[in-house]
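**Q** Before I ask anything, here is the structure I am working with.
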Amino acid sequence: MHGLGISRRIQQITGGTFVVKPGSLFPALHRMEEEGWITAFWGESENNRRAKYYRLSRAGLKQLEAETKRWGRITWAIAQALETS
Amino acid sequence: MFFTRRVDADLEQEVHSHLEILTEEKMRAGMPAAEARRAARIELGGIEQVKEQVREERMGNWLHSVLSDCRYGLCQLRKNPGTTAVMIFTLALAIGASTAIFSVVYGVLLRPLPYADANRIMAVFEVTSKGRPSRLADPNFDEFRDQNRSFGAIAKYDENVRSVSGGAQPARAMVAQVSPEFLGVFGVYPILGRNFSDGDGKQGAAPTAVVSYGYWRQNFRATVDLSQAHLKIDGAEYSVIGVLPDGFRFPADADLWLAADLHGEGHSRTSHNYNAVGRLRDGVTVQQANRDISAIARRIHDAASEQGDYLLKDAMVLPLQDAITREARLPLLVLLGAVGFLLLVACANVVNLLLAQASVRERELAIRSALGAGRGRLIRQFLTEAFLLSSVGGGLGVLGAFWGVAGLLALAPENLPRIESVSINIPVLVFALVLSSAVAAGLGAFTAVRATAGDLRKSLAEGGGGDARSQRSQRVGQGIVGAQIAITLVLGVGAGLLGRSLLKVLDVNPGFRVDKIVTMDVSLPWAEDPKAKARQAIFYANLMERLKQIPGVRRVGAASALPMAEGGLADGMFLVMTQNEIPTSLDDLGALMRPQERTGIADFCAATDGYFQALRIPLLRGRIFEESDDANSPHVAVISESLARERWPNQNPIGQTIEFGNMDGDLRLLTIVGIVGDTHEYSLDTPARPTVYVNLLQRPSPAVTVTMLSDADTQSVTAAARGILQGLDSEIPVRFQTFSQVYSASLRPRRFNVILIGFFGIVALLLATAGVFGAMAYAVNRRTREIGVRVALGASTGHVLRMVLGQGLRTICVGVATGIIGSLALTRTVESLLFGVTANDPLTFGGVTLFLVGAALVACYVPARRATKVDPLVALRHE
């Protein structure tokens, strides 16, 4: 998916909670590319414009798993804390 | 890492394409083109800003992470100030010592000579029948010069100390006699006045001299007008024709250069009067020059009328730098190797300390890893810390090296060539920088790889590291200590062998006494005709008489050179002949020199009888010189014991007459009247040379050293003697020393090596002992739980001790074994530096091994004892 598409998708899926402006999107994409979690390639968009597309790499997949697990733990912990207090 | 132009362009395209897509979307939604564009731009938030943000992110990221590594590293090091200080000190010591030694190696061996294209300057030698290089004889040099095809310029030179007056005051100066092309070989030309011309070097030409810059400033007050500048050397007037640029003083710190051959050239092909240098022609290689000169030499050998051992057999060409530094090369490289070993031992200590620290930080590393730091990032952390340590240690080390180099220069033997080019200069600093970086990289990488090996997250869960990991890191630690012990053993053996050699050399009986002797170097002008020589003899006789009157002086003597002093005696071939065979001229004598039963080889020395008494050289047979041996009676000589033994094995040499006039120009025969004990002329570790001593009062030599054996203190004797000499002739420059100074100067090269390698050995020993101690303490710490369990289960103190020590002993044994094998292999390289001990001397090996094992055992014992005091309850709770 290309950069614009990613931010659109995030906005769509989270029901408008997270709107990622280009000013945050691009730095984040470039950081992730540097860490090797996503790979980039140039391609043609829906309306035949050239755009930079990003794909998740294997390391990125692992990172995603790890982050997901971590997030899961944190939310469970918070939920527990709230419940018992 | 940094923002390259390509990435920038890429980003530019990406942002633009984003903008395009946005704009099109809006247009499809119905906005007019211009408005759509504007809205898209607003939504994007400004192209340049976006690009800038990405850029900052990238750069900031990198810089940020490096800085945070540094900050983190500093914090870490500050947490354990003691350990950090120890590590920095150890590194400073090792890097400083390496830098100091390297600066000497660089200055002496590596730095190019300070002349233009210095690698084209060659030294030319004759090769003797025994294959050793030697100086050149005049006619041989002439043929090399005329027939060679390899040299653009070739020149001969010789140097000695002469008395020079006409400058500020009469003084002794180093004077070189050179052929006219000499300065051309070096590419050096006078900054004032002119160079030698061909005419200056011919027999009978007006004597001319060129002076050094320093001499010109000191004695001629830097005058620009040289027409009034004159010098009196050996009674002849020389006009100064040129001044050389500052810094040129080849050979041997010369201050004056005279044109050679003013008294004509020698004809003998066996009097090796000169050294030679030449500058290769463009395109000619050293091998070609060698073949060229060698061919000429062999032609001379085959055609010469003089034959025998003193005639050249071959000739060789060697780059001048190699020729000058040849003898110093091995000792300096050995020193470099030794300091390299010290560096390894020091680094091993630091590595072990870092590893120990790393194992304590396991938890922290695990957490960082879980938070997303890749292994590369962690490795970078360790590298950063190692670089911090190494740069501080290296910086301190370089500062220390300044002081160290000064010490080295003070300690160094006087005959260390090119000592003036030793200093801490840019190449040396570059070396220090590279060394520090290499050390940092090595330490950091090693520590990082060891510390991040294995699954870090496991250690989080198990709270402190699994047993398998700790066992492996212990083994690594023990391995490092074992290596330290091995290297220290090699160093110790080296130091031991050299030290024993020094002791053996000191044990050698020099053949003379050394203490309580004041020496006085006197040089008179060179005299050829018999009347002048007679005057010199009277002068010496007077001088001896008056010196004997000085209160406290018991014996006074003189000789053309003292044993072990710089310079030494000339040697040559003498002939046994009878009265009616005396040749009438020196050239005729040359023709008679053929290897037969009638020749012999010996050193030639002119001495008085007081000399033998002052130095306590024993008289073995016959007599020494007496009052009756004066200018009108037959010339007499005494010979050394080894000469008597070699040349006249079953005869009595006393009464034999020999001809030795080729040495001092006096053709009268010498009658042997006595045999005296051997003396070590050159050094204690070369055998005594056969010597012929002639009577100084019959055959005076222009330069003598007067020896005074006295009970009074040196100062008063010196003052009195100086007064007496000036009373006799105020123009004669003089130099005073004590014989023990001269004697110990000859031992300096050996002492230098022993002191330095001994120092490295001791420091390595201390470091290795500390390493053993540290590793042992660490191992005990790791096994605290296990020890607690055992004690709780009933193990005795002794059992615990044995268990702990056993581990240490294994390491020590492996280390020692490796060290012994290494020493056996390596000591062969220093064999030529040894004296009186073999390279595999069992006493040295055994002694050093025992000492090292002892020190290591003591280092093990202390932590082991602490292990026995472990309280099981505390231990079991220990994590």
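The values are calculated or read from the model by the stated rules, or taken from the named source; none is laboratory data. Source: prediction; values computed, not measured. Here the Cβ is made from the backbone with ideal geometry for all residues, glycine too, and neighbour counts use every protein chain on show.
**Q** List, please: which pairs have Cβ atoms under 7 Å, are six or more places apart or on different chains, and start with a residue in segment B:227-254 that is closer than 18 Å to residue B:733 by Cβ and end with one that is in a strand (DSSP E or B) and of a type in the set (Gly, Ala, Ser)?
**A** That search, which allows pairs on different chains as well, returns B:230/B:239; B:231/B:209; B:232/B:165; B:238/B:209; B:254/B:176.
**Q** Criterion first (in contact with a Ser or Thr (Cβ under 6 Å, 6 or more places away or on another chain), β-branched (Val, Ile, Thr) and not in a loop (DSSP other than H, G, I, E, B)) does residue B:718 satisfy it? Reasoning before the result, please.
**A** On the way: in contact with a Ser or Thr (Cβ under 6 Å, 6 or more places away or on another chain): no; β-branched (Val, Ile, Thr): yes; not in a loop (DSSP other than H, G, I, E, B): yes.
Judged against the criteria, residue B:718 is not a match.
Table: residues versus (1) exposed (fewer than 13 other Cβ atoms within 10 Å of the Cβ); (2) assigned to a loop (DSSP other than H, G, I, E, B).
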residue	(1), (2)
B:226	no, yes
B:246	yes, yes
B:264	yes, yes
B:283	yes, yes
B:290	no, no
B:294	no, no
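**Q** It is to be established whether one or more residues within segment B:249-256 are in contact with a helix residue (DSSP H, G or I) (Cβ under 6 Å, 6 or more places away or on another chain), within 17 Å of residue B:185 (Cα to Cα) and not basic (Lys, Arg). Quick ask: steps written out before the conclusion?
**A** So in segment B:249-256, the residues in contact with a helix residue (DSSP H, G or I) (Cβ under 6 Å, 6 or more places away or on another chain) come out as B:255.
Right, trim to within 17 Å of residue B:185 (Cα to Cα) and you get none.
Among the residues of segment B:249-256, not one is in contact with a helix residue (DSSP H, G or I) (Cβ under 6 Å, 6 or more places away or on another chain), within 17 Å of residue B:185 (Cα to Cα) and not basic (Lys, Arg), which makes the answer no.
**Q** Report whether or not residue A:37 is within 23 Å of residue A:59 (Cα to Cα), at pLDDT 85 or above and within 12 Å of chain B (Cβ to nearest Cβ).
**A** Criteria met by residue A:37.
**Q** So for segment A:21-41 (the condition being polar (S, T, N, Q) and touching a strand residue (DSSP E or B) at 6+ places or on another chain (Cβ under 6 Å)), does at least one residue qualify? Working first, answer last.
**A** We begin by selecting, within segment A:21-41, every residue polar (S, T, N, Q); these are A:24, A:39.
Retained after the next criterion (residues that are touching a strand residue (DSSP E or B) at 6+ places or on another chain (Cβ under 6 Å)): A:39.
Yes, that holds for at least one residue.
**Q** Then there is this: Would you call residue A:3 surrounded by 12 or more Cβ atoms within 10 Å (Cβ to Cβ), in contact (Cβ under 8 Å) with a residue 40 or more places away in the chain and at the interface with chain B (Cβ under 8 Å from one of its Cβ atoms)?
**A** Yes.
Here's the yes/no breakdown for (1) over 17 Å from residue B:865 (Cβ atoms); (2) touching a residue at least 12 places away in the same chain (Cβ under 8 Å):
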site: B:791; (1), (2): no, yes
site: B:798; (1), (2): no, no
site: B:804; (1), (2): no, yes
site: B:808; (1), (2): no, yes
site: B:821; (1), (2): yes, no
site: B:825; (1), (2): yes, no
site: B:830; (1), (2): yes, yes
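**Q** Here's another thing I want to ask about it. Name every residue in segment A:11-27 that is within 21 Å of residue B:16 (Cα to Cα) and part of a helix (DSSP H, G or I), in order of residue number.
**A** A:22, A:23, A:24, A:25, A:26, A:27
**Q** Still on this structure, please answer the following. Would you say residue B:538 is at pLDDT 85 or above, of a type outside the set (D, E, K, R) and surrounded by fewer than 15 Cβ atoms within 10 Å (Cβ to Cβ)?
**A** Working: at pLDDT 85 or above: yes; of a type outside the set (D, E, K, R): yes; surrounded by fewer than 15 Cβ atoms within 10 Å (Cβ to Cβ): yes.
Answer is yes for this residue.
**Q** Take residue B:825 and decide whether it is assigned by TED's automatic domain parsing to the domain that holds residue B:480, within 24 Å of residue B:492 (Cα to Cα) and more than 24 Å from the chain's Cα centre (by Cα).
**A** For residue B:825, the condition - assigned by TED's automatic domain parsing to the domain that holds residue B:480, within 24 Å of residue B:492 (Cα to Cα) and more than 24 Å from the chain's Cα centre (by Cα) - is not met.
**Q** Would you say residue A:60 is in contact with a strand residue (DSSP E or B) (Cβ under 9 Å, 6 or more places away or on another chain), within 14 Å of chain B (Cβ to nearest Cβ), surrounded by 10 or more Cβ atoms within 10 Å (Cβ to Cβ) and not β-branched (Val, Ile, Thr)?
**A** Details: in contact with a strand residue (DSSP E or B) (Cβ under 9 Å, 6 or more places away or on another chain): yes; within 14 Å of chain B (Cβ to nearest Cβ): yes; surrounded by 10 or more Cβ atoms within 10 Å (Cβ to Cβ): yes; not β-branched (Val, Ile, Thr): yes.
Spelling it out, residue A:60 is indeed in contact with a strand residue (DSSP E or B) (Cβ under 9 Å, 6 or more places away or on another chain), within 14 Å of chain B (Cβ to nearest Cβ), surrounded by 10 or more Cβ atoms within 10 Å (Cβ to Cβ) and not β-branched (Val, Ile, Thr).
**Q** Hey, among B:376, B:404, B:397, B:308, which residue is in contact with a Gly (Cβ under 7 Å, 6 or more places away or on another chain) and more than 17 Å from residue B:439 (Cβ to Cβ)? Write out each step before concluding.
**A** Details: B:376 fails: in contact with a Gly (Cβ under 7 Å, 6 or more places away or on another chain); B:397 fails: more than 17 Å from residue B:439 (Cβ to Cβ); B:308 fails: in contact with a Gly (Cβ under 7 Å, 6 or more places away or on another chain).
The unique qualifying residue is B:404.
**Q** Within segment A:36-57, can you find the residues that are out of contact with any Ser or Thr (no Cβ under 9 Å at 6 or more places or on another chain) and touching a residue at least 24 places away in the same chain (Cβ under 8 Å)?
**A** Across segment A:36-57, the qualifying residue is only A:43.
**Q** State yes or no: is residue B:125 buried (at least 19 other Cβ atoms within 10 Å of the Cβ), under 33 Å from the mean Cα position of the chain (by Cα), over 30 Å from residue B:730 (Cβ atoms) and in contact (Cβ under 8 Å) with a residue 40 or more places away in the chain?
**A** When the stated conditions are applied, residue B:125 passes them.
**Q** Residues of segment A:40-53 being facing another protein chain (nearest Cβ under 9 Å) and aromatic (Phe, Trp, Tyr), which ones?
**A** A:42
**Q** Looking at (1) more than 30 Å from residue B:211 (Cα to Cα); (2) surrounded by fewer than 20 Cβ atoms within 10 Å (Cβ to Cβ); (3) more than 14 Å from every other protein chain (Cβ to nearest Cβ), can you tell me which one residue B:161 breaks?
**A** All conditions pass for residue B:161, except number (1).
**Q** Another question, then. Considering each of B:763, B:706 in turn, give the residue that is aliphatic (A, V, I, L, M), at pLDDT 85 or above and closer than 22 Å to residue B:606 by Cβ. Give the steps one after another, and end with the answer.
**A** Numbers: B:763 fails: closer than 22 Å to residue B:606 by Cβ.
Matching residue, one of B:763, B:706: B:706.
**Q** So in segment B:560-580, with the set limited to residues that are touching a Ser or Thr at 6+ places or on another chain (Cβ under 6 Å) and in a strand (DSSP E or B), which one is surrounded by the fewest Cβ atoms within 10 Å (Cβ to Cβ)?
**A** Once the filter is applied, the top-ranked residue is B:573.
**Q** Condition (residue is touching a residue at least 12 places away in the same chain (Cβ under 8 Å) and closer than 25 Å to residue B:40 by Cβ) applied to segment A:59-69: is it met by at least one residue?
**A** Scanning segment A:59-69 turns up no residue that is touching a residue at least 12 places away in the same chain (Cβ under 8 Å) and closer than 25 Å to residue B:40 by Cβ.
**Q** Can I ask one more? Any idea which of B:617, B:639, B:624, B:654 is within 42 Å of the chain's Cα centre (by Cα) and in a loop (DSSP other than H, G, I, E, B)?
**A** Answer to the check: B:617.
**Q** Also: Quick one: which residue in B:71, B:55 is within 11 Å of chain A (Cβ to nearest Cβ) and either exposed (fewer than 13 other Cβ atoms within 10 Å of the Cβ) or modelled with pLDDT under 85 (or both)?
**A** B:55
**Q** In addition: Kindly indicate whether any position in segment B:179-193 is surrounded by fewer than 16 Cβ atoms within 10 Å (Cβ to Cβ), in a strand (DSSP E or B) and on the phi < 0 side of the Ramachandran plot.
**A** Step one: filter segment B:179-193 for residues surrounded by fewer than 16 Cβ atoms within 10 Å (Cβ to Cβ), giving B:187, B:189, B:191.
Still in the running and in a strand (DSSP E or B): none.
There is no residue in segment B:179-193 that is surrounded by fewer than 16 Cβ atoms within 10 Å (Cβ to Cβ), in a strand (DSSP E or B) and on the phi < 0 side of the Ramachandran plot.
**Q** Give the number of residues within segment B:82-119 that are aromatic (Phe, Trp, Tyr) and free of Cβ contacts under 8 Å to residues at least 24 places away in the same chain.
**A** Within segment B:82-119, residues that are aromatic (Phe, Trp, Tyr) and free of Cβ contacts under 8 Å to residues at least 24 places away in the same chain number 0.
**Q** Then there's this: Restricting to segment B:785-813, name every residue that is among the hydrophobic types (A, V, I, L, M, F, W, C) and either in a helix (DSSP H, G or I) or not assigned by TED's automatic domain parsing to the domain that holds residue B:775 (or both).
**A** B:787, B:789, B:791, B:792, B:800, B:801, B:803, B:804, B:805, B:809, B:812, B:813
**Q** May I pose another question? Which one of these is within 10 Å of chain B (Cβ to nearest Cβ), within 14 Å of the chain's Cα centre (by Cα) and of a type outside the set (D, E, K, R): A:18, A:26?
**A** Sole residue among the options that is within 10 Å of chain B (Cβ to nearest Cβ), within 14 Å of the chain's Cα centre (by Cα) and of a type outside the set (D, E, K, R): A:26.
**Q** Scanning segment B:613-627 for residues that are of a type outside the set (Val, Ile, Thr) and touching a residue at least 60 places away in the same chain (Cβ under 8 Å), which turns out surrounded by the fewest Cβ atoms within 10 Å (Cβ to Cβ)? Outline the logic, then answer.
**A** Going through segment B:613-627, the residues of a type outside the set (Val, Ile, Thr) turn out to be B:613-616, B:618-623, B:625-627.
Retained after the next criterion (residues that are touching a residue at least 60 places away in the same chain (Cβ under 8 Å)): B:613-616, B:625.
Numbers: B:613: 17, B:614: 28, B:615: 24, B:616: 14, B:625: 24.
Here the answer is B:616.
**Q** Tell me, please, whether a residue that is assigned to a helix (DSSP H, G or I), in contact with a strand residue (DSSP E or B) (Cβ under 8 Å, 6 or more places away or on another chain) and on the phi < 0 side of the Ramachandran plot can be found in segment B:741-764.
**A** yes
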